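No value in this document is a laboratory result; all are computed from the given coordinates. It should be emphasised that the depicted structure is a prediction, and the values quoted were computed from it without experimental measurement. Counting neighbours? That spans all protein chains shown, and the Cβs are built from the backbone with ideal geometry, glycine included.
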Amino acid sequence: MVNQLNSSGMIKAKIIGTGSFLPERVLSNQDLEKMVETSDEWIVTRTGIKERRLALPEEYTSHMGANAARKAIESAGILVDQIDFIIVATITPDFVFPSTACLIQKQIGARFVPSMDIQAACTGFLYAISIAKSFVESGTYKNILVIASEKLSSITNYEDRSTCVLFGDGAGACVVSGTGKGLLIEHVTLGSDGEQAELLMMPAGGSRRPASIETVSQKEHYIKMAGNEVFKHAVRRMESACKECIEAAGSSEDQITYLIPHQANLRIIDAIAKRFEHLPSDRIFKTVHKYGNTSASSIGIALDELYRTYIVQPSDQILLTAFGGGLTWGAALLKGTI
Ligand code: UT7
């Protein structure tokens with residue numbers, strides 16, 4: 001297949017297929033009421049979350065990612081042999097190394113194509129799409145499989161009520177290609193601020209603080225978050241990333257037809273949605289009530305749900321935005337094509 005060129009003779013990257021995978025096991029707010037001192041009322045009013053999915057012990061990050069990837073390849077209408085690069089965004093890899101991307105390459109039976117993990121916390125899907133866009137548009141690769149997969153339950157402390165009510169497991173995927181029909185990746189804006197790294201992190205298990213009896217007993221292998229601070233940064237950074245991305249794409253806020261924000265907290269989503277007052281509430285895509293915060297996967301899962309249930313029109317402009325540990329943030333503007 002030959003890459004499609006735009007009017008200036010350049011290859012334009014598109015998302016030509018999507019997929020997702022959610023584990024079947026549900027952890028409800030009522031279940032959490034039995035585990036920590038919390039209430040359905042607190043969780044719903046502060047976060048909008050009603051339930052989240054939990055992977056079984058044998059459902060690894062790679063398994064969830066491979067399942068989402070197979071669906072994305074099918075949705076793209078291509079064969080696994082046509083994939084020529086695999087990128088996986090995750091903060092919960094099966095192992096520190098080898099990469100989860102290599103494990104997925106084996107599980108889906110892809111040829112011996114290059115495979116790598118990237119890590120940008122909850123912004124991982126956008127970072128991965130941006131890399132895929134560059135590789136496709138430079139002509140280096142034709143069909144890139146982008147996967148975000150997270151088993152956050154493996155790094156969540158179910159004795160810490162301030163975090164355990166928030167997170168869930170799942171995977172989202174898409175195929176980015178220069179050929180075929182789909183969503184044009186018009187522009188991606190990315191950013192980071194390492195000054196704020198300590199606001200959201202897993203303190204131990206890396207080379208700075210390797211696993212030891214002490215780190216385990218101090219519960220340092222779990223997510224630690226300064227929720228309030230992170231909340232403020234999340235709203236501010238996603239708002240400015242949206243603005244920057246829309247401007248760079250030569251569009252305007254009133255031309256956006258769908259907003260898919262990172263699914264961390266309904267109050268954060270509502271704050272960002274205020275900028276898009278022309279959008280009816282069903283055009284602000286939400287999955288947070290049913291899946292909680294699935295980190296890098298959240299936008300990938302939401303995009304797949306939209307892509308499968310809605311026939312994208314050529315006039316559609318879909319804005320994705322995300323924010324996460326690092327701190328990292330970003331936005332991507334996708335356009336419907338004929
Ligand atoms: O995906 C990466 C980005 N992550 C985010 O964007 C998350 C951003 N942060 C948030 O979503 C919110 O800050 C949280 C949902 C984490 C917390 O909501 P909050 O409104 O900021 O609550 P808070 O941390 O200020 O806590 C308020 C009170 C505290 O009690 P006191 O000190 O006022 O007595 C907490 O101890 O709520 C208490 N609390 C809880 N109570 C019942 C904290 N967690 C719970 C809980 N159930 N699960």
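Here are the numbers for the structure shown:
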{"quantity": "Sparse-neighbourhood loop sites, GluC sites (Glu not before Pro) in region 120-183 - DSSP loop, at most 14 other Cβ within 10 angstrom", "calculated": "E159"}
{"quantity": "log₁₀ of I(q)/I(0) at q = 0.11, 0.21 Å⁻¹ - region 116-246, Debye sum with one point per alpha carbon", "calculated": "-0.53, -1.33"}
{"quantity": "Antiparallel bridges, percent of DSSP beta bridges restricted to region 186-336 (to nearest 5)", "calculated": "75"}
{"quantity": "Length added when fully stretched, S134-H289, from 0.36 nm per residue minus Cα-Cα", "calculated": "52.4 nm"}
{"quantity": "Long-range HN-HN contacts of S115 with modeled amide H, under 5 Å", "calculated": "I86"}
{"quantity": "Per DSSP, loop chymotrypsin sites (Phe, Trp or Tyr not before Pro) in region 42-99 with at most 14 further Cβ within 10 Å", "calculated": "F95"}
{"quantity": "Order of S75, S295, S212, S240 under a 10 Å beta carbon neighbour criterion, fewest first", "calculated": "S212, S240, S75, S295"}
{"quantity": "Translational diffusion of region 14-181, µm² s⁻¹ [Kirkwood Rh, Cα pairs; Stokes-Einstein; 10 °C; 1.306 mPa s]", "calculated": "96"}
{"quantity": "Qualifying GluC sites (Glu not before Pro) for region 234-338 [loop in DSSP, other Cβ within 10 Å: at most 16]", "calculated": "E277"}
{"quantity": "Ranked I213, I16, criterion: other C-beta atoms within 10 Å, fewest first", "calculated": "I213, I16"}
{"quantity": "R0 of 22 Å, Cβ-Cβ distance E58-D31: FRET efficiency to nearest 0.05", "calculated": "0.60"}
{"quantity": "Additional length obtainable on full extension of the chain from E41 to S207, 0.36 nm per residue less Cα span", "calculated": "55.7 nm"}
{"quantity": "Kyte-Doolittle mean at least 1.0 and Cα axial length at least 15 Å: DSSP H helices in the chain", "calculated": "124-137"}
{"quantity": "Most mobile listed residue (C242, C164, C174) in the chain, GNM with C-alpha springs under 10 Å", "calculated": "C164"}
{"quantity": "Nearby aspartates and glutamates by direct alpha-carbon distance to K151 (threshold 14 angstrom, same-chain neighbours under 8 apart not counted)", "calculated": "E24, E58, E59, D94, D169"}
{"quantity": "Among the listed pairs K12/K133; K71/K181; K14/K106; K106/K181, those beyond 19 Å (Cα-Cα)", "calculated": "K14/K106; K106/K181"}
{"quantity": "Within the chain, helix-based [θ] at 222 nm, where runs of 4 or more DSSP H residues each add -39,500 (n - 2.57), nearest 500", "calculated": "-9500 deg cm²/dmol"}
{"quantity": "Full-extension gain in nm, E247 to D270, via 0.36 nm per residue minus C-alpha separation", "calculated": "6.1 nm"}
{"quantity": "Ranked list, fewest to most other Cβ atoms within 10 Å of each Cβ, for T18, T309, T140", "calculated": "T309, T140, T18"}
{"quantity": "At 1.306 mPa s and 10 °C, Stokes diffusion of region 217-338 via Kirkwood alpha-carbon radius, µm² per second", "calculated": "106"}
{"quantity": "Candidates K12, K286, K106: whichever shows maximal mean-square fluctuation once the chain is modelled as a Gaussian network with Cα springs under 10 Å", "calculated": "K106"}
{"quantity": "Per residue Cα convex hull volume in Å³ - calculated over the chain", "calculated": "130"}
{"quantity": "DSSP beta bridge pairing in the chain, given as percent antiparallel to the nearest 5", "calculated": "75"}
{"quantity": "In region 230-338, lysine pairs closer than 19 Å at Cα, eight or more apart or cross-chain", "calculated": "5"}
